[in-house]
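Structure, as structure tokens:
The values are calculated or read from the model by the stated rules, or taken from the named source; none is laboratory data. As the structure is a computational prediction, the values presented were derived from the model and not from experiment. Glycine also receives a Cβ, built like all others from the backbone with ideal geometry; neighbour counts cover every protein chain displayed.
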Amino acid sequence: MTADLVISLFYLLEEITLNTKYYAQNVSQIERELKTSLDKGLSNEEAKQRLAKDGPNSLASKKNRSMFMRFIDQFKDFMIIVLIVAAILSGVVANEWTDAAIIMIVVLLNAILGVIQEAKSEAAIDALKEMSTPNAHIRRNGAILEIPSTEIVPGDVVLLEAGDVVPADMRLAKTASLKVEESALTGESVPVEKDNEVLKADDVALGDRVNMAYANTNVTYGRGEGIVVGTGMNTEVGKIATMLNNADETATPLKANLNQLGKTLTIMILAICVIVFVVGMFTKQGSEPTNKLIIDMFLVAVSLAVAAIPEGLPAIVTIILALGTQAMAKHKAIVRKLPAVETLGATDIICSDKTGTLTQNQMTVEKVYYDNELHNDEETIKADNPAMMAMILANDTKIEDGGRLLGDPTETALIQYAFDQNIKVEDLLKKDGRVQEVPFDSERKLMSTVNHYGDKFFVAVKGAPDELLKRVTKIEINGQVAPISASEKETILASNKNMAEQALRVLGLAYKIVDKPYDDPTTNNVEQDLIFAGLVGMIDPERPEAKAAVAEAKSAGIRTVMITGDHQITAAAIASRLGILEESSDKNKAVITGAELDKLSDDYFNKHVQDYSVYARVSPENKVRIVKAWQANNKIVAMTGDGVNDAPSLKQADIGIGMGITGTEVSKGAADMVLADDNFATIVEAIKQGRKVFANIQKAILYLMSCNVGEVLTVFMMTMLGWDILMPVQLLWINLVTDTLPAIALGVEPVEAGIMKKKPRGRKSNFFSGGVASSIIYQGILEGILVLGAYQFGLHVGPHIGNAAMQHADALTMAFLTLGLIQLFHAFNSKFIHKSIFRAQTFENKWFNGAILISALIMAAVEIPFLTKIFDVTELDGIQWLVVIVAGLLMIIIVEIVKFFERRAARK
């Protein structure tokens, strides 16, 4: 059963269950359905029975695979299977056990690294479990008890207060100024005001269900009581756990490319080996006994197969990826899965969460309206300004030692604004201490405090501007208090609307001065006959570097899409400020809500997903659907997120990017990469590094494959022409020397200039795209021709002219050394696939220069007298060495000429 089917059945079952939409039912209905009492709660016996029936209030997870099975899984890769077969043939048939051992070491190393990376990625569900609050206050048998949250059952009555973590999904029955911070679940950037009223709409988005409280969210203000309607896997966070458990692993482009490469190579190599064997048998028939000839040609064919397979490729790719992870770590991007490095470089779409990713996840004052003027937050405001005094005094923020602020984000933003204005807040609070208060109430939407003010008392009021203006009779302008006119109220409301359209959360500020405290401080006497002081507009602002990062991503052909739990207006405003929404775009069409998305069919949405740049009020299911829609259009999708609600989409995406600072352990556990600085700009830098990694792997493949084509072509043509053939030990030695250090050194090539001006290569591209396939073919042919040419020269130059046997031995030695050294010359060609190597940057990579020098010395070492017998070579003279070196130089010169004409043709 596929993951999609499991999830679909899960949600279908939920929809047909009558008690699913608890937000649309009144408390009495829920009491009857769940057979409980708000006043008394469940009985202990009933709770015990329900716990046995429904299980503990904790999250289930699928059984983790053993380390042994994970290790076995690493050998299911097609390329790995080919290498194992090659190792067996090399040892058993060709008796080359050293080469077989090298291949198996490469295979085992690759498997071990894969297991280590996979083991680190299985923490998502465990992290979800650890989020559960250890204890909760409930009412049972009419008494208040404190019990472990795992023992809570449906029907329990839970009591909430500021600082609590909600232990289960609840239908709220009583609220007193209750606010719950739900950003980890819904993406909403500010705490949600809760009440107990029935919601009449048929389909209310998760973030708008104000009469519900959900497991693992945080109570930031007030108190409340509610009836538990869902525990464990039947909670909203449980749905996410289900989606994580059943999510399919997305095959990375790198893995797909390597698998395709392995299959292609196998078919080609087997075909060539068969041809070499058959042709060799015919051309050499009669030169030696048939049995010996069959064995010799079979050994040549096997050696050719081993030489043709780039057995070092998996290890080289792993090393290049590992080096890429180190480079990214220096830029604050921590990669948890090696293929993610390359995948990020192929990204077409970045689906980014807004809160905490594109924004700072911290409410900040941006505009203040007073004295009939709108002021920016940078402008100076005096401590005795009534607007500022109302912000400070009508505020429940706690200021800890060191200046840390605790409380509702809206209120802490006001205090932080005062700090930024260099106002001594703590001195003011001490001098004008609170005497009385009228707490915030969601119905009247106001909060008031009565404070000392010399020998009088200062009443500070803040709240919803429209509600506050109903109670205002005067206005202060430049220190002068006068009756407020209708036109002044209209001007204030217009300013309020203007700020709201900019996605600012606006509060009204008012005050009055009284002679003494109130005998009965209620809204009817405290919040009457007020003097209007001003408005304050706040927002969770975009990160300063995010706009530039979005622009750079755009220049690289990468589209940024915002996905948030915030309201549509807020999302559109932030997206416009960041450049995600163009000024000319129709925001009514480019911005869509989760509720509107639910009404679209999959076919329609998949065809029109490119029309939408901003998604607001979305659910976890919406996020997964958005990612899948882009993937259905063959786009490689990166998804960023920091909340529990982001985990399923992080796992569904081609690359999930978690936030290291603000991110939950759940999101980090589900991610392929974690940003240590939560900086959106880091993603762009990581994309650059990812593109570099792909380019370097492509260079290594170009080098290895063209060299292997040259080797195959050399042996093939020698066989077809009936010439002497390079020995298996010679072919394997060339592979050992040239396929390791130079290829690895290509993996640490620096970023090429202009790499972020190129469009994404797309899901359909592979390592042979961009002219690499044709380059491999013609460069391999060129290499083969030059080696055969060196062989022919060897038959006519040197100290052994006249001695046919020695002349043939010299020629084979020259072919052997030319084949080895020409590949090292060719490594310089591979540094730039299309650009010329005649530039200063060619020699910047000191690791590469050293690798070529060491490999050349090792290759030439076969000429040391005691090694010549092992490799069956002769000692060459100066003329013969000159031919070998000229062949290598010709490789560079001819490839550079071809590149020149390629660039010229591309410009036309």
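Summary table
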{"read-out": "Scan of the stretch 143-157 for residues that are out of contact with any His (no Cβ under 7 Å at 6 or more places or on another chain) and either in a strand (DSSP E or B) or more than 19 Å from R223 (Cβ to Cβ) (or both), ordered by number", "value": "A143, L145, I147, P148, T150, E151, V153, P154, G155, V157"}
{"read-out": "Filter result (more than 20 Å from T347 (Cα to Cα) and among the hydrophobic types (A, V, I, L, M, F, W, C)) within the stretch 597-655", "value": "L597, L600, F605, A616, V618, V644"}
{"read-out": "Residue match in the stretch 492-509 (condition: more than 30 Å from K354 (Cβ to Cβ) and either in contact (Cβ under 8 Å) with a residue 60 or more places away in the chain or in a helix (DSSP H, G or I) (or both))", "value": "no"}
{"read-out": "Within the stretch 574-683, helices (runs of 4 or more DSSP H) holding 2 or more residues that are free of Cβ contacts under 8 Å to residues at least 60 places away in the same chain", "value": "587-590, 594-598, 602-608, 620-632"}
{"read-out": "Wholly enclosed helices (runs of 4 or more DSSP H) of the stretch 726-801 bearing at least 3 residues in contact (Cβ under 8 Å) with a residue 12 or more places away in the chain and surrounded by fewer than 18 Cβ atoms within 10 Å (Cβ to Cβ)", "value": "772-794"}
{"read-out": "Residues (in contact (Cβ under 8 Å) with a residue 12 or more places away in the chain, outside any loop (DSSP other than H, G, I, E, B) and of a type in the set (F, W, Y)) located in the stretch 821-851", "value": "F825, F828, W847, F848"}
{"read-out": "Any hit, the stretch 206-216, residues being touching a Lys or Arg at 6+ places or on another chain (Cβ under 6 Å) and assigned to a helix (DSSP H, G or I)", "value": "yes"}
{"read-out": "Some residue of the stretch 375-382 being touching a strand residue (DSSP E or B) at 6+ places or on another chain (Cβ under 6 Å) and either closer than 20 Å to K547 by Cβ or not polar (S, T, N, Q) (or both)", "value": "yes"}
{"read-out": "Selected residue (only one of I893, I854, I885, I858 is in a helix (DSSP H, G or I) and free of Cβ contacts under 8 Å to residues at least 12 places away in the same chain)", "value": "I893"}
{"read-out": "Criterion violated by T719 - all others in (1) farther than 30 Å from G280 by Cβ; (2) surrounded by 24 or more Cβ atoms within 10 Å (Cβ to Cβ); (3) not aliphatic (A, V, I, L, M) satisfied", "value": "(1)"}
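So that you can scan it fast, the table gives a plain yes or no per residue for (1) assigned by TED's automatic domain parsing to the domain that holds V637; (2) not acidic (D, E):
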| site | (1), (2) |
| --- | --- |
| E527 | no, no |
| A533 | no, yes |
| S555 | yes, yes |
| R559 | yes, yes |
| T564 | yes, yes |
| I569 | yes, yes |
| I574 | yes, yes |
| L578 | yes, yes |
| L581 | yes, yes |
